[in-house]
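To keep things clear, I will list the structure first and then write my remarks on it.
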Amino acid sequence: MKKSVDRNLSDEQLVQYHLQGDQTSLGILYERHFNNVYYKCLSFSKDPIEAYDLVQEIFLRTFSKLHLFRGNSEFSTWLFRIAHNFCIEDYRKKYRNKYEKLSSLDYDLADEEYEPNNLDNVSLESVIKSVSETEQLMLKLKYLEGKSIKELQDQFHMGASAVKMRLQRAKQKISKQLKFSYEMM
């Protein structure tokens, strides 16, 4: 007769029992972590049925790789990292598929009538010039060259909050200028 596993064991102990051949320990781990993994998946998919399917796939992947669990972190941390990465991977696959579907459409812009609006006359350059040269440079470095806040801090000798505030104010000025230009036309 097979000895039953104590449900009060830690996750790490249950992993060790499984690696020694005990199959009931997987059921206990599944029961303990199902809800948390499910809600993580639901936050990505927004569909309860799809979230449930993702949970099943995540647990299958996790349990098949259980021998790779080194114990450097808690089992729950390891599991949630797998779940998070799996959800991101799933989301990217869906997004990529949607993009491919859109790009595969035969859509001829010549069939559509173009009606110019007043914003066509607004020069983006003139709007950007409404902010200081420093703000222009910060915006360029951050949004065109992808510099981090830390890199901007070092370059401009400012704290992180000062950099963020300058970027925010520059965006607000540009937004106001665009709105003003639109209203004037």
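Of the residues in the range 15-54, how many are buried (at least 19 other Cβ atoms within 10 Å of the Cβ), within 22 Å of residue 73 (Cα to Cα) and touching a residue at least 24 places away in the same chain (Cβ under 8 Å)?
Qualifying residue count for the region: 7.
Is there a residue being of a type in the set (Phe, Trp, Tyr), at pLDDT 75 or above and farther than 30 Å from residue 37 by Cα anywhere in the range 74-92?
Restricting attention to the range 74-92, the residues satisfying the condition of being of a type in the set (Phe, Trp, Tyr) are 75, 78, 80, 86, 91.
Filter once more, keeping what is at pLDDT 75 or above: 75, 78, 80, 86, 91.
Pick out the ones that are also farther than 30 Å from residue 37 by Cα and you get none.
Taking every residue of the range 74-92 in turn, none turns out to be of a type in the set (Phe, Trp, Tyr), at pLDDT 75 or above and farther than 30 Å from residue 37 by Cα.
What pairs come up if the first residue lies in the range 142-166 and is over 16 Å from residue 131 (Cα atoms) and open to solvent by less than 60 Å² (accessible area, probe 1.4 Å), the second is part of a loop (DSSP other than H, G, I, E, B) and not β-branched (Val, Ile, Thr), and their beta carbons are under 7 Å apart, counting only those six or more places apart or on different chains?
Here the result reads 153/159, each pair linking the range 142-166 to a residue that is part of a loop (DSSP other than H, G, I, E, B) and not β-branched (Val, Ile, Thr).
The values are calculated or read from the model by the stated rules, or taken from the named source; none is laboratory data. Owing to the predicted nature of the structure, the values given are computational and were not obtained by experimental measurement. Every residue, glycine among them, receives a Cβ derived from its backbone with ideal geometry; neighbour counts consider all protein chains shown. Heavy atoms of the whole protein, side chains included, go into the accessibility calculation; ligands, DNA and RNA do not. Shrake-Rupley method; radii C 1.70, N 1.55, O 1.52, S 1.80 Å.
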